[in-house]
Every structure is written in structure tokens, then in C-alpha cells.
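Shown next, in C-alpha cells, is the structure this report addresses.
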Amino acid sequence: MQSATNVDDERLVMVTFADGLQSKYPYIWLLDNCLCSKCYIHSANQRRLLFSQLDFQAAPESVTITADGANLTVTWSKEHSSDYTADWLRTHQFDSSKPDEAAEPHLNIWGAEMVNTIPTYNFESVMNDDAELYKWLNSLNTTGLALIKNVPRKVGQNERIANRVSYLRPTNYGVFFTVKSKMGASNAAYTTARLGLHTDLPFYDHTPGQCDDEGGVSEFTDGFKAALQLKEENPKAFKILTTSWLDFFDIGTDYYPYNLTRQATPIGLGRNGEVERIRYNQTCRSTMMRIPVEQVEAVYKALKAFDEILHHKDNIIQFKMESGDMVAFNNIRVLHGRSAFKIGQQGSRHLEGGYIDWDEIRSKLRVLKASLKSPLSWV
Ligand code: NM2
């Protein structure tokens, strides 16, 4: 820091950094973020200070920086002063233009042309090398689809990879699941039927963000691309799918008896109106429609327009996974489906699935980025 000035009439401290950048820090924020041991629990990285203890009248008696400019001391009273380093102040400057890269990645939008260039990783490398793990998770964050090759041909491998990130997220279908045709199927996935493109588990408020599967014939579409195309080609349908709260449900017994229902718009928008999440699943969209009856046909027409874009040959990637392949995809962006199959025809078709929450993936991305920072220029 070159200087720190108390600007009493604005109730803030103005800091000028070594490179000339000026930043303002309001008194109330400085107090709320005091790092002294009375205000802060360092071992937990959390405030000890209660909100009711914040003094809205407080003003500094003095504001001083050390000779090397590395530390700012704000003295509030004889009993209380706060120290802030220049680095910490710089990191926490009020600047909304700095995105959180883990939460707002630069998206790679794709269509059918990506079929031969799907980001691909090697199982053992992802398991043993943090840089490879980072790259794989980063691909999932930006592209939403990634392949892992050379997975040991044994059950339980997606649990191993999930534990490398965090843990598998249990759902009503268990901690992980095997997709095969079953008598008295608890889910359309457990029949031989063709499954149109869908996202899994839209009936959860907190839908798991990530799904890992192994084996089988697979189809994938970038739901963000499809939603943007719908917005362009059919703004009316886009408006309907971003504003109509449809019911998604799942009732039955699998891992345990369940009755899950969630209302949501098929296309979810973020705070700046950007397409943020897709919930689309023909099998578990509810019969119950809590919308005005005169809107029903328009909603169906909007869903049809979206469904046609999703399944358009320019948007859909179709490929047959080889034994030892694992595909991971962003379940709140990328839709997946499969063609119908006959038991026996597919021979050793064995597909195992499991979910990871995006909160955990973003957390791991941040942890890895911090630990890999110095040796890797691409991070
Ligand atoms: N399985 C594969 O949301 C869904 O019904 C997708 C989920 C059964 C765990 C299927």
C-alpha cells in the first residue's frame, strides 16, 4: 500500500495500492471482517463476532500503515484495533467484475461435431495425479461432458472416482445403481425402452449435478446450446419454458419408499437472465399441472419445440461406449438418452451410475487450483 486515508464523511477507508489502484473499504465492513481473536476464529475461518455486536456508530480513532506498506491498522478505541494486510485487502476489494471461475466458468457450447473430440482422460491418471483430476473436473465445468478410458472392469469404480472428488450423493435409487432391465422396474431406465434425452432426478429440489456412467449406447445433447437455439428460433416457447412451473415427481420404492415432487421451470435462468439449468424428463414430468388450464396446450407446444431441438442431428452426439469407458456429464446442463435394446442382444451390457453434487466439484476445483497454482501456468 502507498497510503490509507480515513474518509470520515463517507464512513470508509480509502486505500491506494503500490500500483496506484484505489479501493474503498466501508467502516461497517472493516469491523464485520476484523481478524482479531475477539472477532474471528482463525482455526475455523469464521466470525466469532455476533451481528448484534456490530457498532454502526463506530469510526476509527486512527488509520496507519506500516513503513513497508504491507499492513493496515485501524484503531477503533483503546480496547479494539484491527489489522489487515495489503494482500488481504486487495483480494477482498469491492469489484463485482471478478467472476468465481469455479461457479461461472467460461462455457464451451457444443453440438454433434464434438463426437470425435470429447475431452478424454485416463482413469489411473485422474486417480493419481491432481493436475489430471483438475483438468477432468474443469472439462466437466466448461464442456459438461468428459470420457474416462481404461476404467478397471470391476464394479465400484465410479465410487472410487467420486471419492477422489468428495463422495457419491445417495438418492432414492441408492448410493450408486446398476442400469439393467428388471422385473417390476422402479424406473423407466430399468426397462429395455428407448429413453429420450433427459436430465436425471428433476423431482429433487437439489438435483445432483453430476452423473457417472459406464457402458452401453449413449446419446448426449448440450442443453444450454438447445436452450439458446430455442431462444433464437422460438422466443415465445423459450419464455414459456423459463416461466412455467411444471411438476416433476417420482413415487415408488427402490432404495427406500419415496414420494418426491418438485416444481420447477424446465429451463432455469440465472441472476443475469443466462441459461443456468435444465430440468427435462418426459418419464417423470407429473400428470399434475398446477398451471391455468388455458396455458396447457401452449406449454406442450413449447416442450415439443425444445424436444425437437434437443434431438436434432446437429445437436446430438451418439456413440457406443467401449468396455472400460466411463462417461461423466453435467446433469443440470447435458441431457442423456439411450436407444431401446433387447436383452441378450447387447451381450455384456453393464452400466453403473452414481451422482456427485456440483457444490463438491466446485469446492474441489478451488482446492486443487490453490494447491496447483505455482507449478502449473494453465491453472
Ligand atoms: N436412475 C438411473 O430421473 C430419472 O428417473 C432418471 C435415474 C434410475 C437412477 C433415472
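Quick check on my filter: what residues within segment 216-246 are within 15 Å of the ligand (Cβ to nearest atom) and in contact with a helix residue (DSSP H, G or I) (Cβ under 8 Å, 6 or more places away or on another chain)?
Those that are within 15 Å of the ligand (Cβ to nearest atom) and in contact with a helix residue (DSSP H, G or I) (Cβ under 8 Å, 6 or more places away or on another chain): Gly223, Leu246.
Scan segment 242-260 and give yes if some residue there is part of a strand (DSSP E or B), within 17 Å of Asn330 (Cβ to Cβ) and acidic (Asp, Glu), otherwise no.
Scanning segment 242-260, I find no residue that is part of a strand (DSSP E or B), within 17 Å of Asn330 (Cβ to Cβ) and acidic (Asp, Glu), so the answer is no.
Look through Arg262, Arg279 and report the one residue that is within 16 Å of the ligand (Cβ to nearest atom), among the basic types (Lys, Arg), under 25 Å from Ala103 (Cα atoms) and open to solvent by less than 30 Å² (accessible area, probe 1.4 Å).
Only one candidate qualifies: Arg279.
Check off (1) farther than 29 Å from Ile148 by Cβ; (2) open to solvent by less than 20 Å² (accessible area, probe 1.4 Å); (3) within 13 Å of the ligand (Cβ to nearest atom) for Phe249 and give me the number that stays unchecked.
So Phe249 meets the others, but not (2).
Can you tell which of Gly196, Gly144 is crowded, with 22+ Cβ neighbours inside 10 Å, among the small types (Gly, Ala, Ser) and touching a strand residue (DSSP E or B) at 6+ places or on another chain (Cβ under 7 Å)?
Gly144 is the lone residue from the list that is crowded, with 22+ Cβ neighbours inside 10 Å, among the small types (Gly, Ala, Ser) and touching a strand residue (DSSP E or B) at 6+ places or on another chain (Cβ under 7 Å).
Looking at (1) within 16 Å of the ligand (Cβ to nearest atom); (2) in contact with a strand residue (DSSP E or B) (Cβ under 6 Å, 6 or more places away or on another chain), which is the one condition that is false for Ile317?
Failing condition for Ile317: (1).
Which members of segment 169-192 meet the condition of being within 12 Å of the ligand (Cβ to nearest atom) and among the aliphatic types (A, V, I, L, M)?
Residues satisfying the conditions are Val175, Val179, Ala185, Ala188, Ala189.
The rows are residues; the columns are (1) closer than 20 Å to Ala185 by Cα; (2) of a type in the set (S, T, N, Q); (3) touching a strand residue (DSSP E or B) at 6+ places or on another chain (Cβ under 8 Å).
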{"residue": "Asp213", "(1), (2), (3)": "yes, no, yes"}
{"residue": "Asp222", "(1), (2), (3)": "no, no, yes"}
{"residue": "Ser244", "(1), (2), (3)": "no, yes, no"}
{"residue": "Gly252", "(1), (2), (3)": "yes, no, yes"}
{"residue": "Tyr256", "(1), (2), (3)": "yes, no, no"}
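Would you list the helices (runs of 4 or more DSSP H) that sit entirely within segment 114-182 and hold 3 or more residues that are within 15 Å of the chain's Cα centre (by Cα) and more than 30 Å from Thr261 (Cβ to Cβ)?
Those helices (runs of 4 or more DSSP H) span 130-142.
The values are calculated or read from the model by the stated rules, or taken from the named source; none is laboratory data. In this text the structure is predicted, and so the values were computed from the model without any measurement. Backbone-built Cβ (ideal geometry, glycine too); neighbour counts: all protein chains shown. Remember, those area values only see protein heavy atoms, side chains included, never the ligands or the DNA or RNA. Shrake-Rupley method; radii C 1.70, N 1.55, O 1.52, S 1.80 Å.
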